[in-house]
Amino acid sequence: MLSLEQASTMVDDALRQGAALGCAPLTVAVLDPGGHLLVLKRQDGSGILRPQIAQAKAWGALGMGLGSRALAERAATAPAFFTALAALSEGRVVPVPGGVLVRDSEGAVLAAVGVSGDNPANDEACAVFAIEHGGFVADPGETP
């Protein structure tokens with residue numbers, strides 16, 4: 001289980017990493033394994049849709065059991081499925097890198113981090129950094 005304190009630290013670490021990389025203003029969300037919001041922070045200047053996008057990246061990763069990088073790759077090859085998935089989830093799935101599963105050392109899913117605000121590769125890098133900095137395993141959905 002991921003504590004509120006650990007989730008909050010992850011959000012702060014992701015925001016610090018974004019600043020170190022020179023990212024545009026970010027929004028970072030951490031969801032528990034059931035898809036419930038634990039922590040969300042939106043930097044000054046981050047767009048008004050960024051909270052929903054960050055949560056949708058994390059929610060989609062949790063819902064499909066794959067980091068959003070893998071979801072993006074699958075969406076490219078099965079667009080009809082992802083159109084249906086968007087409808088089924090009421091728009092809560094965004095198949096774009098930046099939704100990263102938080103796993104323990106045995107591989108169990110503890111949470112998901114969603115980052116939005118910069119390009120997807122930077123969003124994902126900030127999430128991965130925060131998860132690993134916290135001592136957890138980051139699963140962005142890299143395909144073999």
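Annotations
- Sorting 35-45, 80-90, 61-71 by average packing, meaning the other beta carbons within 10 Å per residue, from highest down gives 61-71, 35-45, 80-90.
- For region 37-131, a crude dipole built from +1 on the beta carbon of Lys and Arg and -1 on the beta carbon of Asp and Glu, taken about the Cα centre, is about 140 debye to the nearest 20.
- FRET efficiency, Ala121 to Leu4 (Cβ-Cβ, R0 41 Å, nearest 0.05): 0.90
- Full extension of the chain between Thr77 and His36 gives 11.8 nm of extra length, using 0.36 nm per residue less the Cα-Cα distance.
- Rolling a 1.4 angstrom probe over region 71-142 with all protein chains present gives an accessible area of which 58% lies on carbon and sulfur atoms.
- Considering only alpha-carbon pairs that sit under 8 angstrom and 6 or more positions apart, the relative contact order computed for region 49-132 is 35 percent.
- Taking all Cα pairs closer than 8 Å and separated by 6 or more residues, the relative contact order of the chain comes to 30 percent.
- Between Ala20 and Val137, residue separation times 0.36 nm minus the direct Cα-Cα distance comes to 40.0 nm.
- Residue-wise HN-Hα couplings along region 39-49, as the Karplus relation 6.51 cos²θ - 1.76 cosθ + 1.60 with θ = phi - 60° gives them from phi, are 8, 9, 10, 10, 5, 3, x, 6, x, 5, 8 Hz; Gly and Pro carry x.
- Residue of Gly47, Gly98, Gly60 that the Gaussian network model of the chain assigns the largest fluctuation, springs spanning Cα pairs under 10 Å: Gly47
- Whole-number accessible area per residue in Å² for the chain, which is evaluated in the context of all protein chains at 1.4 Å: 48
- Isotropic mean projected area of the C-alpha convex hull, the chain (nm²): 7.9
- The 3J(HN,Hα) values that the Karplus relation (6.51, -1.76, 1.60; θ = phi - 60°) gives for region 128-133 are, in residue order, 4, 4, 4, 5, 5, 4 Hz. Gly and Pro appear as x.
The values are calculated or read from the model by the stated rules, or taken from the named source; none is laboratory data. Predicted model only: the values in this text are computed from it and were never measured. Heads up, the Cβs are rebuilt from the backbone with ideal geometry, glycines too, and the neighbour counts pull from every protein chain shown. Ligands, DNA and RNA are excluded from the accessible area calculation, which covers all protein heavy atoms including side chains. Shrake-Rupley method; radii C 1.70, N 1.55, O 1.52, S 1.80 Å.
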